[in-house]
Structures are given as C-alpha cells and as structure tokens.
Amino acid sequence: MARHIVEHAHDPFEFLAGLKCLVEPQGYIVLEVPDLTKFVAGADYSFLWEEHVSYFGVNSLAALAATAGLSVVEIATYPFAFEDSLIAVLRRDDRASDIDRSRVASDIALIEQFAARFPSMKANCRAKMASWRDAGQCVGVFGAGHLAAKFINFFDVGEYIDVVIDDSPH
C-alpha cells in the first residue's frame with residue numbers, strides 16, 4: 001500500500017515498477033492519491049502543491065497503472081471535505097495493456113482549461129483588490145499557512161494586503 005506517495009515521485013513509472021517487484025504475481029498494490037477532479041472543475045489553484053510532481057484523475061491514474069504493467073481491479077473516489085482521494089487496487093499484469101487515449105486526453109483537456117483560466121482569474125482578483133484599496137478599504141488575510149501564502153503569491157496580491165493574522169506566533 002502506498003498512500004499519498006505516487007504524486008511525490010519524480011518518476012512515477014519507476015516508482016510503480018519498484019512496487020511491482022515487491023509484489024508476488026497474484027498480489028495486489030493499493031495506491032491512494034489526491035483526486036484533482038474537483039479542484040480543476042472549481043478552478044481552485046490552491047491545490048497545487050510544491051511537493052507534488054504529478055496530479056491524477058481516474059483516467060490518468062489508470063493509464064499510469066497500465067503503462068507500468070499493472071491492471072486495474074478497481075479505482076474508487078472517496079470524498080473528503082478538503083481533498084478527495086482516489087484509491088486504486090492494482091494487480092501485476094505483464095501483458096501489454098491498452099490505454100484509452102481518448103480518456104487520458106479528456107483529463108489533459110481539463111488541465112489545459114484549468115491553466116488557461118488562470119490569467120483572467122488572477123487579473124480579476126487583482127482588479128477587485130485594487131478597487132478595495134482605491135476605495136480606502138483595508139484587506140486582511142486570516143491564517144498565514146500554506147494556502148494563504150499560495151493565494152497571495154499565485155495571484156500576486158501582496159501589495160493590496162494590509163495585514164495577515166494567524167494564531168501561531170511563528
């Protein structure tokens with residue numbers, strides 16, 4: 001079982017090949033990865049994580065498994081408040097696997113749309129905050145964690161923020 005590790009692997013194919021070597025021919029590999037689907041659909045750019053090398057939806061996770069010589073027994077989505085998880089149950093399958101490239105292409109298209117929307121979202125956010133500043137309003141951010149830092153940096157809005165408040169003295 002590899003829980004929330006694959007997305008950190010610099011070579012996920014090699015990572016799965018290593019797992020495959022550890023499993024007996026009739027054994028299973030269980031992967032859990034964050035599901036990118038609702039973040040991409042909701043244009044939530046805060047889900048981008050500096051430690052994640054790869055992001056997966058059902059289709060791209062199935063394609064990764066097939067490319068690594070693993071067959072999909074099941075992939076299920078488990079919803080959580082912040083981040084849904086994909087759980088994949090895989091088996092060794094040394095036969096060549098066909099990958100449904102149209103399904104993978106649909107995942108890629110979603111990501112491309114997500115990326116294409118960013119410049120206008122950033123411009124709109126900056127314009128809104130500039131209008132508040134021009135109207136003499138103060139802007140505060142509650143919480144100084146990684147999500148707030150990503151928001152401020154990704155949208156380049158630091159110049160419009162008067163205060164960041166957090167309960168941690170650090």
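The values are calculated or read from the model by the stated rules, or taken from the named source; none is laboratory data. Just so you know, these numbers come straight off a predicted model, no measurement behind them. Glycine gets a Cβ as well: all are built from the backbone with ideal geometry, and neighbour counts include every protein chain shown. For the accessible areas, the whole protein counts, side chains as well, though only heavy atoms, and no ligand, DNA or RNA atoms are used. Shrake-Rupley method; radii C 1.70, N 1.55, O 1.52, S 1.80 Å.
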What are the residues whose amide H is under 5 Å from the amide H of Ser85, where those residues sit 5 or more places off or on another chain and H is modelled from the backbone?
Asp35, Tyr78, Phe80
Hey, what angle do you get for helix 12-22 against the long axis of the chain, alpha-carbon based, 0 to 90 degrees rounded to 10?
40 degrees
Scattering profile of the chain from the Debye formula, Cα beads only, expressed as log10 I(q)/I(0) at q = 0.15 Å⁻¹, is -0.89
Over the chain, give the accessible area per residue in Å² for a 1.4 Å probe, as an integer.
60 Å²
Using DSSP to define loop residues, name the GluC sites (Glu not before Pro) in segment 66-146 whose beta-carbon has at most 16 other beta-carbon atoms within 10 Å.
Glu83
Would you mind pulling out the separation of the Cα centroids of segment 1-35 and segment 74-93, in Å?
13 Å
Shape call, segment 96-170: gyration tensor on alpha carbons, a/c limit 1.5
oblate
Computed for segment 1-60: size of charge dipole around the Cα centre, +1 on C-beta of each Lys and Arg, -1 on C-beta of each Asp and Glu, debye to nearest 20, value 180 debye
Exposed chymotrypsin sites (Phe, Trp or Tyr not before Pro) absent - longest run of the chain, DSSP non-H/G/I/E/B, at most 11 other C-beta within 10 Å
83-170
Let me make sure I get this right: for segment 54-108, a, b and c are the square roots of the gyration tensor eigenvalues over alpha carbons, sorted descending. Under 1.5 in a/c it's rounded, otherwise prolate if a/b > b/c, else oblate. Which is it?
oblate
Projected onto the charge dipole of the chain (+1 at Lys/Arg Cβ, -1 at Asp/Glu Cβ, origin at the Cα centre), which of Phe114, Ala9, Leu61 gives the Cα projection farthest towards the positive end?
Phe114
